[in-house]
Amino acid sequence: MRFETAPAPHVVAGFTVPRVMFLVLLALAPAAVAHVVVFGPGLLLQFAVAAPVALGCEAAALALRRRPALPALRDGSVLVTAALLAICLPPLLPWWLTALGTAVAVLLGKHVYGGLGYNPFNPAMVGYAVLLISFPVAMTRWPLTGAELDWPTLARLTIHSFYSGVPPPDLSWDAWTGATALDALRTGLRQRLTLQEIRAGAPFGVLGAAGFVWVNLAALAGGLFLLRRGIVRWQIPAALLAGLALPAALAQALDPGGHPGALFHLFSGATMLGAFFIATDPVSAATSDRGRLIYGAGIGFLTWIIRRWGSYPDGVAFAVLLMNLAAPLIDRLTIPRIYGQTRD
Amino acid sequence: MQARRDFAPGLVLDARKRSTMRERIVAAPEPAQVFVLLDQGDGRRGTPCVREGERVRQGAAIARADDGPGADLHAPVAGRIRSIGPHENLREAGPGIVIDNDGSDERDSRWEPCPDADSLDPDDLIERIRGGGIVGLGGALYPTAAKLAQGRDRSVTHLVLNGAECEPWICCDDALMRETPGEVVRGAQLMLRACGAAKCTIAIEDDKAEAGAALEAALAAAGDARLSLAVLPAVYPAGAERQLLTAVTGLEVPQHAWPPAIGLLCQNVGTAVAIARLMRTGEPLIRRIVTVTGSGVAHPGNLDARIGTPIAELIAAAGGYAGAPRRLWFGGSMTGRALPDDAWPLTSAMNCIVAATAADLRAPAQAEQACIRCGDCARVCPAGLLPQELHRAVRSRDEMLLERFGLADCIECGCCDYVCPSAIPLVERFRQERVAMRERAAEAARAKAARLHFEHRERRLAELEADRRREFEDARRRARDSSRDGG
C-alpha cells in the first residue's frame, strides 16, 4: 500500500499570522471605544478611510510585484497597520491626509522593502511621521475634551472637518480645538512657565492628559489581554514603560517645577498604545529577549527626551522609528548563548 | 564546567500513548521472508558476507561493517539467501539481503550464553557486544561497542540510560521497562562494566508511573548502589541526548563535543536490554520492540518483531488498517520519517510505526508565509537557538551567520516548526542547508586540490622549460666559445 510522504513534524500547533493579527485588532477595541467616547467619532471615520486605502495599496503593490494578493490581504497585517495609524491620527484630520498617510505607510513603510516580514520600520509610524512633518498644523489639532464640548457638537465638528478640512461655519478652530497636554507642556516649559501655570491652562487630568488617560487605560487593558494570550511578550512593554517612567520620575525628583512625573508620561499621548501595540511589532523590533529589553527601554527613554526637548507633540512615533534603526545592531549584540556554548 | 541554564522549555505535547501504554508486548508472527537493509537508517552501509543461494542460520553474520565504528548485521531468521541488492519491488529502499525463512529457527554456532560476563575484561565485553551487532535502539543506531569504547577511553564517570521516550506515539521503551525491568538493570550493570563509569542513572518521564514503579522494584531487588532512577517532567524533547544529560546531571555538553568530553555517556534502555539478552542467551541484534499505532491501525500495541519484517505484516499483526490511513511514518510525530510504502522492512531504527489518518495529522492551516520575527520559535528551542535568525542566515547562505546562529547545534526536534505561525518548514530548511554546506565544503576541498594540482603542474612545466632554455643557452655559448677558440 502506498502512502503520501512529507517531512516531519507531522503535527503543528496551528497558530497562524491571521489569528495573531485578529487578536491584536480585538485587543485594540477597548482603546478604540475610549477614543470615540472621549474624542468623538473621528477614529471611526479615519479607520473607514484607512482600511480600504490600506487594502487597496497592499493589493496594488502585490500586483505590481507579481505576487498573489489574496493571502496577504487575508493575513490581517495591513488592517492592523491601518487601525494603528487611525488611532494615532487626530480625529479631525481631513480624509485626504488620512488616505495619504495610509498609502505612505503601506507603500513606503512596507512594500518598498519587500512586504510583510521585511520592513525595517513600523509601517504605521512611517505614515504618521510623514504626515506629522508635512502637515504639522493639521496633525496637532485635537478637539477640546470634557465639559467644554458636548459629544453631538464634537461629532458635527469632526464630520465637517473630516470631509472639508475646515470647521462648520458656527464653530471655529480656536474655540473648539487646542493643543494636547503634551504639546502645551512642551511649549509652556519652553516659555519658562512653571508646571502649575501650564496645568491651569491646558487639558490636564488626574493621571495624565485629560481624555488621553482613558484611551491609555483602555489600551493598557487590551495590552494585558495580548500578554495573557501570549501574542505579546512582556519584555518590550515593560522595558518601554520603565524607560519612560524612570527618567521622568528622576527628573521630577531633581526639578519638580520643570518636569511632570512618571504617571503623567505613562498616561499621556500614545504611551500605552506604543508600549503594547506599536513597539511590539515583531518585524521591526529586536528579536531576542535581551534585545527586546534594550529596544523597549530605548523607545521609552527617547520618548521622554523627545517629549521634553523635541519639537513635536508626542515622541512615541519618532522613538519607535529611531529604535527600529537600532534594532539590527541590537540583534547583533544580543545573540543568546547557544546550548553548550562557552563565552569568554 | 558550566552551571545548568534553563533553556527554553520545549513543548508539552499530546502524547497519544494512552492506549498503547497499557498493552503488553506481543510477539509478531514469524515472517516468511525478511529483507534486511544494508543501511539500517544511519547512513552507514555494511558489505554482505554471504552469497545468494547460501543457507544461513539464525543469528549468523550476513553483512560486515565496512569501516570505522560500524556494526555487523545478523540473519533474523534461518533460511536461504534469496537475493542481495535492491529489492525487486522496493528499489527506493536501497540494497539489502532477502532471506526466505525455512521455519527451522536453527541457531548459529556463536549463539551461546556468556555466563562469565561479570568477570570478563571490559575490552572483551565490548568485543562481545560488537560481535552481537548491538546498536543504539533509540533511533540513532550508533554502534554501542564503539560508544562504550569511546567512553572507556575518555574515562567517563556517569552513564545515563535514556528511558524518557519523549516523543508522541512511541512507547516501546515504556513497554520494555514495564515488562523486563530486570533486564534494563542487568544491561545497565554490564554497560557500567564495559565503559568503566562509577554510576548509572536511568531517566524516565513522569508520565510513566508504571514503568517507574517496575524499575524501582528491580533496582531494589538488584541492590546495586551505583544505580538510581531519575524522573523528569514530560516535556518534549526531554529525551534528546544533550537535553537529557543536562536535565539529569546539570552539566552542559560543550558545542562541537561529545558527552564523553565531560565524563558522561548516554545509552538507550532498549540497548541495555539487548546487551543483557546477548549475554544471557547469546542472541545478537535480530529483533526489536516496535510500537505499532495510529488511528489508522485497528489494535495499536507493542510488537516484538524480527528486523526485516515487512511493515505491512506488522500492521496486520496489529489488527490491520482501520479507517483511512493517509501517512505512514516511523518514529514519533515530531521527527518521524514518512515511508512511501508499507512493503518497507522493519529496521533497528524503527521504534514506532504510525499509520496516521487525517485526524492524527495537523498540517499548517495556510501556505508558508514570510517570517514576522515573532520569536515563538526561539522561546521553545531546547538548543537555545534563534531559529528566526538562523532561517534568515539560510536564506542569505552566509556561512559566518550560519555558524554564529548555530546551524550545527540544531537538534532537529521540530519544536520551532510546531509553533511557527507563518508555517515555515524550519527544520527541513536547516537540514537541507547542512547537507548543502557539507557539499560546499567538499566542493571547495576538491577545487583546492585541483588548483594545487594545476599550480604544481604549471610550476613543474615552467621549471622544465627553464631547464631546457638554460641548456640551450649553455649549448649555444659553448658552440660560440668553441668557434671563437677555433678561429
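Here are the numbers for this structure:
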{"quantity": "Chain A - Rg over Rh from alpha carbon coordinates, Kirkwood radius", "calculated": "1.01"}
{"quantity": "Gyration tensor verdict on the stretch B:121-164 (Cα atoms; rounded if a/c is under 1.5, prolate if a/b is larger than b/c, oblate otherwise)", "calculated": "oblate"}
{"quantity": "Inter-probe distance in nm under a simple model that places probes 7 Å from Cα toward Cβ, at B:Ser83 and A:Ser164", "calculated": "9.0"}
{"quantity": "In degrees, nearest ten, helix A:316-333 long axis to first principal axis of chain A (Cα)", "calculated": "30"}
{"quantity": "Computed helical MRE - 222 nm, the protein assembly as shown, DSSP H runs ≥ 4 contributing -39500 (n - 2.57), nearest 500", "calculated": "-14500 deg cm²/dmol"}
{"quantity": "For the stretch B:80-126: rounded, prolate or oblate by the Cα gyration tensor [a/c cutoff 1.5]", "calculated": "oblate"}
{"quantity": "Reachable lysines, given that their alpha-carbon falls under 16 Å from the alpha-carbon of B:Lys208 and they are not under 8 places away in the same chain", "calculated": "B:Lys17"}
{"quantity": "Average beta-carbon neighbours from other chains, 10 Å sphere, peptide B:406-417", "calculated": "3"}
{"quantity": "The stretch B:110-268: mean projected area of Cα convex hull, nm²", "calculated": "9.2"}
{"quantity": "Cα convex hull volume per residue for the stretch B:376-434 (Å³)", "calculated": "65"}
{"quantity": "Over the stretch A:65-200, relative contact order from alpha-carbon pairs under 8 Å, at least 6 apart, %", "calculated": "23"}
{"quantity": "In degrees, nearest ten, helix A:123-134 long axis to first principal axis of chain A (Cα)", "calculated": "30"}
{"quantity": "Cβ-derived FRET efficiency at R0 51 Å, B:Val12 paired with A:Leu263, nearest 0.05", "calculated": "0.80"}
{"quantity": "Cut-off 15 Å between beta-carbons: net charge of the residues surrounding A:Leu64, Lys and Arg +1, Asp and Glu -1", "calculated": "+3"}
{"quantity": "Whole-number percent relative contact order across the stretch B:1-149, with pairs defined as alpha carbons under 8 Å at least 6 apart", "calculated": "21"}
{"quantity": "Within the protein assembly as shown: Cβ-based charge dipole about Cα centre, in debye rounded to nearest 20 (Lys, Arg +1; Asp, Glu -1)", "calculated": "1940"}
{"quantity": "Net charge over other residues, Cβ less than 9 angstrom from the Cβ of B:Val419 (K, R count +1; D, E count -1)", "calculated": "-1"}
{"quantity": "Label-reachable residues, the stretch B:302-339, where backbone N falls under 20 Å from a point 7 Å from B:Val435's Cα toward its Cβ", "calculated": "B:328-332, B:334-339"}
{"quantity": "Inter-probe distance in nm under a simple model that places probes 7 Å from Cα toward Cβ, at B:Ala32 and B:Met400", "calculated": "6.4"}
{"quantity": "Chain B: relative contact order in percent, alpha carbon pairs under 8 Å with at least 6 residues between", "calculated": "17"}
{"quantity": "Charge dipole (debye, nearest 20) of the stretch A:17-176; +1 at Cβ of Lys and Arg, -1 at Cβ of Asp and Glu", "calculated": "740"}
{"quantity": "Two-site FRET efficiency, A:Leu254 against A:Val137, from Cβ-Cβ distance with R₀ of 35 Å, rounded to 0.05", "calculated": "0.50"}
{"quantity": "Folded to 0 to 90 degrees: helix A:181-190 orientation relative to chain A principal axis, Cα", "calculated": "60"}
{"quantity": "B:Ala221/A:Arg337 FRET efficiency (R0 25 Å; Cβ-Cβ; nearest 0.05)", "calculated": "0.05"}
{"quantity": "For the protein assembly as shown, fraction of C-alpha pairs farther apart than 51 Å, in %", "calculated": "37"}
{"quantity": "Test item: B:370-383 mean partner chain Cβ contacts at 10 Å", "calculated": "6"}
{"quantity": "Residue-averaged beta-carbon neighbours from other chains (10 angstrom radius) around B:315-327", "calculated": "1"}
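Read-outs throughout are calculated quantities, based only on the coordinates presented, and are distinct from any laboratory measurement. Small disclaimer: the values here were computed from a predicted structure and weren't measured. No Cβ is skipped: glycine too gets one built from the backbone with ideal geometry, and neighbour counts run over all protein chains shown.
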